[in-house]
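No value in this document is a laboratory result; all are computed from the given coordinates. Model, not experiment: these values are computed from the prediction. Because the Cβ atoms are built from the backbone with ideal geometry, glycine has one as well, and the counts that use them run over all protein chains shown.
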Amino acid sequence: MTETEDKKLHTDPSRRFFGRRKGKSLSGRKQGLMDDLLPRISVQIPDGDQMIDPASLFTSPKRALWLEIGFGKGEHLAWQAEAHPDVGLVGCEPYLNGVAGLLTHIEEREIDNIRIYGDDARHVLWKLPDASVERVFLLHPDPWPKARHARRRFVNPSNLDDIARVMVDGGEFRVGTDHPIYREWTALQMSARTDFEWLAEGPEDWLTRPDDWPETRYEAKALEGRATYFRFRRLPR
Ligand SMILES: C[S@@+](CC[C@H](N)C(=O)[O-])C[C@H]1O[C@@H](n2cnc3c(N)ncnc32)[C@H](O)[C@@H]1O
């Protein structure tokens, strides 16, 4: 496959990296949050050449913008939002029951610095300005372990180009995985980059969960093995 073909495949909006959008039916309360709260805190994708204006997303000025890709039920994003009220966070998740889970955290804990995009994170990545995001979290992405599905893995050259573009110099990109194939894949993909450096100082570093990296649902299940905590720094342009 040529680079152009690969890029086309990964930037085709109709191509989906995620599995199901809906699980069991939502409780009345969660459906109420989807109907009333979600529209108030949703990120809208602007038309044409227009880009998202990060400052306009939040009701008060924020020191920085952080982005979580595939937040699942949102426990990590809610934790980060509460721990960092001076930061604005955007979470992307196409799984509607996951979005409803995050809305429950937001309502119960009165969190006001999270905005949600309930679909493919790439739509947001394509519309964020250059150097606008300080941190990107990609925690336990679907591993697509079969070699013939490798191109569906979110960590791929095209998505990494987009992440590098939107990140500020010195920003941090975190990838968590408990899957040995995804661990190896991520290490390989990231070591080919000239725009990121790996922050691990030794093997125990990336096998030890940092204090400001709360456990996610998938990590708690740890079906495939020991979790790995990758931290990469966006190198200066
Ligand atoms: C294995 S789950 C992990 C969820 C959560 N991060 C955790 O650690 O518990 C992977 C999640 O990524 C989401 N996902 C997959 N492709 C995505 C995409 N292109 N944009 C946003 N989310 C995506 C899936 O819907 C799913 O909820």
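Based on the Kirkwood approach, the hydrodynamic radius assigned to region 109-162 is 13.5 Å, with every pair of different Cα atoms included. I'd like the distance between the alpha-carbon centres of region 32-54 and region 169-216, rounded to an integer number of Å. Result: 30 Å between the Cα centres. Each of L128, L26, L67 was scored by other Cβ atoms within 10 Å of its Cβ. Arranged with the fewest first, they read L26, L128, L67.
Helix 180-191 and the long axis of the chain differ in direction by around 80°, with both axes built from C-alpha atoms. Residues considered: K73, K221, K127. Largest GNM mean-square fluctuation over the chain, using C-alpha springs under 10 Å, is found at K221. Residues in region 148-162 carry Karplus couplings, in order, of 6, 9, 4, 5, 7, 5, 4, 6, 8, x, 5, 5, 5, 4, 5 Hz; the curve used is 6.51 cos²θ - 1.76 cosθ + 1.60 with θ = phi - 60°, and Gly or Pro positions show x. Here the ratio of the Cα radius of gyration of region 14-76 to 2.2 N^0.38 Å is 1.40. Across all directions, the shadow cast by the convex hull of region 42-82 built on its C-alpha atoms averages 3.8 square nanometres.
Calculate the all-directions average of the projected area of region 80-204's alpha-carbon convex hull, and give it in nm². Over every viewing direction, the Cα hull of region 80-204 projects on average to 8.9 nm².
Helical runs assigned H by DSSP (4 residues or longer) give the chain a calculated mean residue ellipticity at 222 nm of -9500 deg cm²/dmol, each run adding -39500 (n - 2.57) before division by the residue total.
Compactness of region 9-148 was expressed as the Cα radius of gyration divided by 2.2 N^0.38 Å, which yields 1.04.
Cβ-to-Cβ counts within 10 Å put E134, E201 in ascending order as E201, E134, the fewest first. Relative to the globular-protein estimate of 2.2 N^0.38 Å, the Cα radius of gyration of region 170-219 stands at 1.19. Taking amide hydrogens as placed 1.01 Å from N in the peptide plane, the amide H of F196 sits under 5 Å from those of L235, each at least 5 positions away in sequence or on another chain. Kirkwood-based Rg over Rh for the chain (C-alpha set), two decimals? We get a ratio of 0.94 for the chain.
Computed about its Cα centre, the charge dipole of the chain is approximately 900 debye, with only Lys, Arg, Asp and Glu carrying charge at their Cβ.
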